[in-house]
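**Q** If you scroll down you'll find the structure; I have some questions about it.
Just so you know, all these numbers are worked out from the coordinates, no wet-lab data involved. Everything quoted here is computed from the prediction, not taken from an experiment. Here the Cβ positions follow ideal geometry from the backbone for every residue, glycine too, while neighbour counts run over all protein chains shown.
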């Protein structure tokens, strides 16, 4: 998990370790690339509180970014600058700072 934190801190040097925004971003990237959106697996991988992960899960499901055991991450598979924007946009949804929803065409 430390490697994931280090990668995120390189993307946004304004973040600090133990910052809730860093932890939120770790959770969404872990779900996208390592564990899927399973709460138990995310809690086990990150060591974060179950309530913290459950709140993230609720928001990500409401936005349609997580559903049916899948963390939709296609939008993260782009060049570095657009990936950074996508990661931090997802993090804002996961933290409750903004809301998102799927369009009728599924995007």
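**Q** Taking 10 °C and 1.306 mPa s as the conditions, I'd like the Stokes-Einstein D for region 58-106 in µm²/s, using the Kirkwood hydrodynamic radius from alpha carbon pairs.
**A** Reported coefficient: 142 µm²/s.
**Q** Restricting to DSSP H runs of at least four residues, report the calculated mean residue ellipticity at 222 nm for the chain, -39500 (n - 2.57) per run over all residues, nearest 500 deg cm²/dmol.
**A** -16500 deg cm²/dmol
**Q** Okay, moving on. Distance in nm between label sites at residue 6 and residue 58, each 7 Å beyond Cα in the beta-carbon direction?
**A** Between residue 6 and residue 58, the label points sit 3.5 nm apart.
**Q** Here's something else I'd like to know. At a Förster radius of 22 Å, what calculated FRET efficiency corresponds to the Cβ-Cβ distance of residue 98 and residue 51, to the nearest 0.05?
**A** 0.60
**Q** Would you please state which residues of region 1-30 a label at residue 77 would reach in this model, taking the label point 7 Å out along Cα→Cβ and a backbone N cut-off of under 18 Å?
**A** 29-30
**Q** Kirkwood-based Rg over Rh for region 13-55 (C-alpha set), two decimals?
**A** Value, to two decimals: 0.96.
**Q** Given the options 19, 38, 90, state which has the largest fluctuation in a GNM of the chain using a 10 Å cut-off (strictly under) for Cα springs.
**A** Of the options given, 19 has the highest mean-square fluctuation.
**Q** Fully extended, how many nm does the chain gain between residue 89 and residue 39 (0.36 nm per residue separation, minus their Cα-Cα distance)?
**A** Gain on stretching residue 89 to residue 39: 15.9 nm.
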